[in-house]
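Chemist: The structure follows.
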Amino acid sequence: MEGAQEEERYRRHLRALSAVNWQLHAMLESGSTRSQAVAWVEQLHVSGGGEAFLVRSAARGMFCVEAGMRRAIKAGLLFAALTPVLPLRTISDDELDALPEGPPVEVLRGPSGPAFLVVGGRRYPLRGLPLPFAVTAEEMASFPEARELRVGAVTGSVPVRGRVRAVVAREGAMRGSVTIVRAGMRRAKRAVAPKRH
């Protein structure tokens, strides 16, 4: 009986230490992310914003061009969400490469309210966007990496990009983004679900 109580005490102690360790890791991880976001925000304040437009290059990817710099947009959902409010223009890859690189267009979040994007010196709230839950590098590395899942890949005969445009045109940027993310999550669940025989 005494041995079982001692073992349970050690388990509780280990759980408490694990919780403290997780909190310390989370603080370190968020500190690094926070300093990156602070640097981006400072650079955006210095640049002053102004007129902004979108560019899509087959070779270089998606960008927002503003204040004489190019800002990478890595997430197709963000590019799609910005298409109703920013014009899409065509410039050559050489012209794009000649622009200095600015901070990427990334989702930011304040202490309250919805997440947002900063483009052209203005803050665009993002409603209904599911944000990831933070885990430590150690927790992430505890799972083997699988192939990359991409929103915007070609499925069947109709490119997802065309379907994304249709959904955004039909439902609007915010509601359409939610619809697209939910559809992607359903596809991902089906892809990893065990096959029934």
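Computed from the coordinates by the stated procedures, all read-outs in this text should not be read as laboratory data. These numbers were taken from a predicted model, which means no experiment stands behind them. Neighbour counts run over all protein chains shown; Cβ positions are idealised from the backbone, glycine included.
Chemist: For segment 119-127, in order, what is each residue's ³J(HN,Hα) by Karplus, 6.51 cos²θ - 1.76 cosθ + 1.60 with θ = phi - 60°, in whole Hz (x at glycine and Pro)?
Modeler: 9, x, x, 10, 9, 9, x, 10, 9
Chemist: Out of the GluC sites (Glu not before Pro) in segment 48-113, which ones are loop residues according to DSSP with at most 14 other C-beta atoms within 10 Å? Mind showing how you got there, number by number?
Modeler: Values: sites: Glu51, Glu66, Glu95, Glu101, Glu106; in loops: Glu51, Glu106.
Hits after loop and neighbour filter: Glu51.
Chemist: Please find the FRET efficiency linking Ala59 to Glu138, where r is the Cβ-Cβ separation and R0 is fixed at 41 Å, and quote it to the nearest 0.05. Walk me through the numbers on the way to the answer.
Modeler: On the way: r = 37 Å, r/R0 = 0.90.
So the FRET efficiency works out to roughly 0.65.
Chemist: Give the peptides 166-172, 84-90, 137-143 in descending order of average Cβ contacts within 10 Å, highest first. Let's see the in-between values first.
Modeler: Working: 166-172: 14.7, 84-90: 11.9, 137-143: 10.3.
Going from most to least packed, we get 166-172, 84-90, 137-143.
Chemist: Roughly what would the spin-label model give for Gln5 and Glu42, points 7 Å off Cα along C-beta, in nm?
Modeler: Result for the modelled spin labels: 5.7 nm.
Chemist: Can you list the residues, at least 5 places off or on another chain, whose amide H is less than 5 Å from the amide H of Gly172, using H built in the peptide plane?
Modeler: none
Chemist: A follow-up question, please. Across segment 64-74, in residue order, what do the Karplus-derived ³J(HN,Hα) couplings come to in whole Hz, using 6.51 cos²θ - 1.76 cosθ + 1.60 with θ = phi - 60° and x for Gly and Pro?
Modeler: With coefficients 6.51, -1.76 and 1.60, one gets 10, 9, 7, 6, x, 9, 9, 10, 5, 10, 7 Hz.
Chemist: Next question, about the same structure. Do any chymotrypsin sites (Phe, Trp or Tyr not before Pro) in segment 33-138 lie in a loop, going by DSSP, with at most 13 other beta-carbon atoms within 10 Å of their beta carbon, and if so which?
Modeler: Values: sites: Trp40, Phe53, Phe63, Phe79, Phe116, Phe133; in loops: Phe133.
Those that pass, being in a loop and sparsely packed, are Phe133.
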